[in-house]
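Colleague: This structure is in structure tokens; I'll ask about it shortly.
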Amino acid sequence: MTGPAEITRDTPQQKISFLLCGFFLICAMLWNPGIYTSLGRAQYLPFFTVGALTALTIGIKWHAPEFPLRRNFMRLATLGFFLLVAWHFLVNFILHHGVVKYWENCSRWELLQFWECLWWVSIPLLAFLQYRVFRQLLPVYVLAIGGYGFLYSAVGDLRDIWNAGITGNVNWTAALFVMTMIFLGWFTLDHRDRCKQAGQRKMSLGLGIVGELLLFWQVWKIGSKGAFLAAGLTALLFFFLRSTAKIRKILIALALLGLFAGSFWAVKHTDAIGRFINDDGRIIFWENAVNLIADHPLFGVGQSAYENEYMRYRKADYFWIQNPAARSNHPHNHLLYMAGSWGLTGLILWGILLFGPLAAMIRKYYRHEKVDLLETACFLTLCYAVLHGSLDIIMESMPTGFIALMCLGMLWHSSLTDPSRPPVVIPQHKIKWAMTAAAVLLAGAMVWQTCYATLQVRRAYRNELSPDEIVRTARSCPGEYQTNFALLNYLFKRGETEAALAVTEVMLSSHTPNYPGAHMGRGNALMRLGRFGEALENYRAEAELFPLTLRPVYNMIVAARSMKDAALAAKLESELRERMRIRGNDERDLKIIIMGKNGAHYDLRVREKPEE
């Protein structure tokens, strides 16, 4: 057995680790290959998803040259979080449906959800175990993906194409650029220190400043308020920690003064604050999430079931915000999402894993201890992600969430490794390669499933698939909601009612039966088949999920009349009129919403006046 002192970067173990981790980061860059095929105008093609990347980590961890030991409370928190994920998988997927039924229909209740839930601990644990390798590779990954993101957005601007960046969301793209700015600052300072000549140092610093300004220009152009707020608070926190005691007192006094002034302003401008809340919607998101947590306080509803359950907690107030969305799968607050998914138990465990290393690093800075420059970059990136994650969905998306979790694992190693216990060294063994092969096969199966579903949608819209083939596609990939919904719309356009009904049955049998439009689509198919009573119940389910929409209630009236139930139809007409009164719609608006080309758009957006 090789001792810890003998492990260097030139040993076979370290070379294997370097190659495997490099392969892993390349896969992490391929979450959507569409961003590389068309600059500025990418199509979404899921490839290496969160679940696939998590599965890959299992095979790579075993090749770490040594296993450093964390402090006991960190190990217990990691184990506890893993057991909580396993418990939810056992209850939600196996016991709820029966062991025999689960194994007979394993394609329906996929293990993919289990791996996606383990993402929170598996990604940081890989960075923790392969710390030496990722010290070299993680900055390269961040600078490469951030640099390409800048190129992608810049090309879109030059071609006059509006785009949300390589992440598909303007806030996530702004977060990616801020993270890239942090690591570019590390690279600039590190390279400057390595240069021996004054001219080279000046050139390195100048190029770094130019890069920072270009990235800042993109963030400014995007205009993400969350990105600016989180970046500003992170900078203030770091400045406070690195300041002298006198300056800290001044900063605390200014902060208290600002808090008092802000409170005084808020009292005088309650109307403006109310309008902001109504337009933005985050407070409403958070209120709905708190209600969900209150009903499931200990262990939550499970991450895989969060969207399905959260849909039932949306109040009518939500649909009065400026940009309501049909789907609501996140409260736009990372900690509320964790509490809703895993309960207060999971929130405490995750809080230990997340804030433990941050607290340890803050203590180092506060005491003015010497801290490695790369560790500072990881600390600033994670602080920024936590702050921005309280306003936007950046901790759960690629690549921003991936970068944040990798930084978390790096800080686990640098601040919470137990110095009193030597690392455990595991010798080379064939079982390691068996584990790696199994992980690669599992990840490959997940990649195949997501790619297969997306490619089948493209084939369907080129009229290359029969209705039976479309139904088989949906049954083989029940968890691919977006692709199945696209297949459902295609079948309706072709008039394939029986096949469309089969696709809706697949969607409603998944772990998110409340997916927007699934009940509506099933109701439409049943109406065409003359099964009016069943159609009415599906419309009712859709109307309950969207308490101010008119289309499902109107369809319920049509179904009741088709059943020749005049009393029920009259009752439903009263409900329709009440919804129209609340929305401020008249008969003209109703006609546009029911019959117009953009009727579904206006039905969801209560504040917009329907136009022909």
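The values are calculated or read from the model by the stated rules, or taken from the named source; none is laboratory data. For clarity, every value in this text was computed on a predicted model and none was experimentally measured. Ideal geometry is used to build each Cβ from the backbone, glycine not excepted, and the neighbour counts take in all protein chains shown. Accessible surface areas use protein heavy atoms only, side chains included; no ligands, DNA or RNA. Shrake-Rupley method; radii C 1.70, N 1.55, O 1.52, S 1.80 Å.
Colleague: State whether one or more residues within the range 470-479 are within 30 Å of Thr180 (Cβ to Cβ), open to solvent by 50 Å² or more (accessible area, probe 1.4 Å) and of a type outside the set (Asp, Glu). Full working, then the answer.
Modeller: Within the range 470-479, the first condition is being within 30 Å of Thr180 (Cβ to Cβ), and the residues that meet it are none.
Checking the range 470-479: not a single residue is within 30 Å of Thr180 (Cβ to Cβ), open to solvent by 50 Å² or more (accessible area, probe 1.4 Å) and of a type outside the set (Asp, Glu).
Colleague: Got a number for residues in the range 531-567 being in contact (Cβ under 8 Å) with a residue 12 or more places away in the chain and open to solvent by less than 70 Å² (accessible area, probe 1.4 Å)?
Modeller: Matching residues across the range 531-567 total 25.
Colleague: Applying the selection to the range 163-190, what residues are among the aliphatic types (A, V, I, L, M) and either modelled with pLDDT of 90 or more or open to solvent by less than 40 Å² (accessible area, probe 1.4 Å) (or both)? Write out each step before concluding.
Modeller: Start the filter on the range 163-190 by keeping residues that are among the aliphatic types (A, V, I, L, M), which leaves 164, 166, 170, 174-176, 178-179, 181-182, 184, 189.
Hits for the range 163-190 are Ala164, Ile166, Ala174, Ala175, Leu176, Val178, Met179, Met181, Ile182, Leu184.
Colleague: Here's a follow-up. Give the number of residues within the range 222-265 that are of a type in the set (Lys, Arg), under 27 Å from the mean Cα position of the chain (by Cα) and exposed (fewer than 12 other Cβ atoms within 10 Å of the Cβ). Talk me through it step by step, then tell me what you get.
Modeller: Within the range 222-265, the first condition is being of a type in the set (Lys, Arg), and the residues that meet it are 225, 242, 246, 248-249.
After this cut, where a residue has to be under 27 Å from the mean Cα position of the chain (by Cα) as well, the list is 225.
Subset that is exposed (fewer than 12 other Cβ atoms within 10 Å of the Cβ): none.
Within the range 222-265, residues that are of a type in the set (Lys, Arg), under 27 Å from the mean Cα position of the chain (by Cα) and exposed (fewer than 12 other Cβ atoms within 10 Å of the Cβ) number 0.
Colleague: Further question on the same structure: For a quick check of your reading of the model, give me the residue pairs whose first member lies in the range 362-388 and is surrounded by fewer than 24 Cβ atoms within 10 Å (Cβ to Cβ), whose second is of a type in the set (A, V, I, L, M) and not in a helix (DSSP H, G or I), with beta-carbon atoms closer than 8 Å and at least 6 apart or on different chains.
Modeller: From residues that are surrounded by fewer than 24 Cβ atoms within 10 Å (Cβ to Cβ), the pairs are Lys364/Val371; Tyr365/Val371; Val386/Met395.
Colleague: Let me ask something else. State all residues of the range 326-344 that are in contact (Cβ under 8 Å) with a residue 40 or more places away in the chain and closer than 19 Å to Pro516 by Cα; if no residue qualifies, say none.
Modeller: Ala326, Arg327, Ser328, His330, Pro331, His332
Colleague: Turning to a different aspect of this structure: When the residues of the range 575-607 are filtered to those that are open to solvent by 60 Å² or more (accessible area, probe 1.4 Å), in a helix (DSSP H, G or I) and not aliphatic (A, V, I, L, M), which remaining residue is modelled with the lowest pLDDT?
Modeller: The qualifying residue modelled with the lowest pLDDT is His601.
Colleague: Now, a different point. Could you list all residues from the range 323-339 that are part of a helix (DSSP H, G or I) and open to solvent by 10 Å² or more (accessible area, probe 1.4 Å)? Steps first, answer last, please.
Modeller: First, pick out the residues of the range 323-339 that are part of a helix (DSSP H, G or I): 334-339.
If the condition is that a residue be part of a helix (DSSP H, G or I) and open to solvent by 10 Å² or more (accessible area, probe 1.4 Å), then Leu335, Leu336, Tyr337 are the ones that fit.
Colleague: Follow-up question, since we're still on this one. Kindly indicate whether any position in the range 315-322 is touching a helix residue (DSSP H, G or I) at 6+ places or on another chain (Cβ under 7 Å), open to solvent by 40 Å² or more (accessible area, probe 1.4 Å), part of a loop (DSSP other than H, G, I, E, B) and not β-branched (Val, Ile, Thr).
Modeller: Among the residues of the range 315-322, at least one is touching a helix residue (DSSP H, G or I) at 6+ places or on another chain (Cβ under 7 Å), open to solvent by 40 Å² or more (accessible area, probe 1.4 Å), part of a loop (DSSP other than H, G, I, E, B) and not β-branched (Val, Ile, Thr), which makes the answer yes.
Colleague: Give the number of residues within the range 191-204 that are surrounded by 14 or more Cβ atoms within 10 Å (Cβ to Cβ) and more than 12 Å from Leu373 (Cα to Cα). Reasoning before the result, please.
Modeller: Within the range 191-204, the first condition is being surrounded by 14 or more Cβ atoms within 10 Å (Cβ to Cβ), and the residues that meet it are 191-192, 195, 201, 203-204.
Filter again for more than 12 Å from Leu373 (Cα to Cα), leaving 192, 195, 201, 203-204.
Here the count works out to 5.
Colleague: Here are Glu469, Glu542, Glu505, Glu537: which of them is out of contact with any strand residue (DSSP E or B) (no Cβ under 9 Å at 6 or more places or on another chain), over 23 Å from Pro324 (Cα atoms) and at pLDDT 90 or above?
Modeller: Numbers: Glu469 fails: at pLDDT 90 or above; Glu542 fails: over 23 Å from Pro324 (Cα atoms); Glu505 fails: at pLDDT 90 or above.
The unique qualifying residue is Glu537.
Colleague: On to the next question. Evaluate the range 527-548: report whether one residue or more is farther than 30 Å from Arg581 by Cβ and of a type in the set (S, T, N, Q).
Modeller: Filtering the range 527-548 for residues farther than 30 Å from Arg581 by Cβ gives 528-531.
With the extra rule that they be of a type in the set (S, T, N, Q), the set shrinks to none.
No: zero hits.
Colleague: What pairs come up if the first residue lies in the range 287-312 and is acidic (Asp, Glu), the second is surrounded by fewer than 16 Cβ atoms within 10 Å (Cβ to Cβ), and their beta carbons are under 8 Å apart, counting only those six or more places apart or on different chains?
Modeller: Note: pairs meeting the criteria are Glu287/Lys315; Glu307/Arg327.
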